[in-house]
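The values are calculated or read from the model by the stated rules, or taken from the named source; none is laboratory data. Bear in mind the structure is a predicted one, so any value in this text is a computation, not a measurement. Backbone-built Cβ (ideal geometry, glycine too); neighbour counts: all protein chains shown.
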Amino acid sequence: RLLNTRSFVELTNEHCQQLLNYDWNLHLCMKHVTSQLLAGCFLRLPSKKAIVVNTVEVYGRKKHVDIHREPFGNLKHAITITSLPPSFARYKNVWPTTIHNEGPKLVIGTLTLNALITSSIRVDCIATPSV
């Protein structure tokens, strides 16, 4: 019932370009803007699960912007799976995906950042908590 009293806006390609893919070199405050934008968002995952994001950790893609960036390239003759959005993503340059690196991690990837979902709530069904 609480969700019915709120208003929500679907992500548009304009939001994706102006907010989620904005260059952090020009405005470092965009790191905080994107984390606030993604905290509290609804996600419908490819597995047909619907979640509300509680907390998110945002990391830049470039080494000089964020030292804790996601690794790229080859790792012992194996390609590293990344959260870079493919060309066929529903929202332009935004890709929610699961990365299986030291366990499954839900990540929202854009061209300039990746956002690690650290806490979420299922809203499509009643489920027991999992850690």
Over segment 90-110, the set of residues surrounded by fewer than 19 Cβ atoms within 10 Å (Cβ to Cβ) and of a type in the set (G, A, S) is G103
Residue pairs qualifying under the 8 Å Cβ cut-off, at least six apart or on distinct chains, with the first in segment 43-57 being closer than 20 Å to T12 by Cβ and the second being part of a loop (DSSP other than H, G, I, E, B) and modelled with pLDDT of 85 or more, are A50/V123; V52/G40; V52/C41; V52/V123; V53/A39; V53/G40; V53/C41; V56/A39
Taking segment 32-65 and keeping residues at pLDDT below 85 and buried (at least 17 other Cβ atoms within 10 Å of the Cβ) leaves G60, R61
The residue that is surrounded by the most Cβ atoms within 10 Å (Cβ to Cβ), considering only those in segment 1-29 that are within 22 Å of L116 (Cβ to Cβ), of a type in the set (A, V, I, L, M) and in contact (Cβ under 8 Å) with a residue 60 or more places away in the chain, is L20
Subset of segment 84-110, residues among the charged types (D, E, K, R) and not in a loop (DSSP other than H, G, I, E, B), comes to K105
Flagged in segment 111-131 as in a loop (DSSP other than H, G, I, E, B), surrounded by 10 or more Cβ atoms within 10 Å (Cβ to Cβ) and hydrophobic (A, V, I, L, M, F, W, C), in numbering order, are L111, V123, A127
With the first residue restricted to segment 92-109 and required to be in contact (Cβ under 8 Å) with a residue 40 or more places away in the chain and farther than 19 Å from K49 by Cα, and the second required to be surrounded by fewer than 18 Cβ atoms within 10 Å (Cβ to Cβ) and among the polar types (S, T, N, Q), Cβ contacts under 9 Å at 6 or more apart or on different chains are K92/N13; K92/Q17; N93/N13; N93/Q17
By residue number, the members of segment 110-131 that are of a type in the set (S, T, Y), modelled with pLDDT under 85 and closer than 22 Å to V52 by Cβ are T128, S130
